[in-house]
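*Asks:* Structure below; questions to follow.
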Amino acid sequence: MELSKEILVQEQEALKIAKLLANDLRLQILCLLQENGAATVTEIMNALHAEQSRVSHQLSELREYQMISATRSGRQITYALTDPHMMELLNDLLEHANHVRLHREHGGI
């Protein structure tokens, strides 16, 4: 039994997305955007106590994989988590993490 080429391509893209989510700053940015709706680079920097260059780089990575959107108004760019798939994935990820944490606290794992 072999995986089809289409499944292999999807698997590679899924792996890239999983790697993007494995970065603590990127995950924090996504959580912040989910919680607040939208934010500028400055707002993200202040909320996460991160340097502008790091935040900008991570936002670029997230935009490349269409995990966030960017809207320009004059010189200011506002970033938002607008993709329903990404919102659902993030919700499921955080919900599962909470489930694992609660299970550990009550003598599991």
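*Asks:* Looking at region 1-77, what helices (runs of 4 or more DSSP H) fall wholly within it and have at least 2 residues that are under 25 Å from residue 98 (Cβ atoms) and modelled with pLDDT of 95 or more?
*Replies:* Because the criterion is at least 2 residues that are under 25 Å from residue 98 (Cβ atoms) and modelled with pLDDT of 95 or more, the helices (runs of 4 or more DSSP H) in region 1-77 that meet it are 24-36, 41-48, 52-64.
*Asks:* Could I ask something else about it? So which of 48, 30 is crowded, with 17+ Cβ neighbours inside 10 Å, out of contact with any Pro (no Cβ under 6 Å at 6 or more places or on another chain), in contact (Cβ under 8 Å) with a residue 24 or more places away in the chain and not acidic (Asp, Glu)?
*Replies:* After applying the criteria, what remains is 30.
*Asks:* Among 70, 80, which is the only one that is surrounded by 13 or more Cβ atoms within 10 Å (Cβ to Cβ), over 13 Å from the mean Cα position of the chain (by Cα) and aliphatic (A, V, I, L, M)?
*Replies:* 70
*Asks:* Tally the residues that are part of a helix (DSSP H, G or I) and farther than 20 Å from residue 16 by Cβ, restricting the search to region 78-95.
*Replies:* 3
*Asks:* For a quick check of your reading of the model, give me the residue pairs whose first member lies in region 9-21 and is within 19 Å of residue 81 (Cβ to Cβ), whose second is basic (Lys, Arg) and at pLDDT 90 or above, with beta-carbon atoms closer than 8 Å and at least 6 apart or on different chains.
*Replies:* Pairs found: 20/26.
The values are calculated or read from the model by the stated rules, or taken from the named source; none is laboratory data. Small disclaimer: the values here were computed from a predicted structure and weren't measured. When we count neighbours, we look across all protein chains shown, and the Cβ atoms used for this are built from the backbone with ideal geometry, even at glycine.
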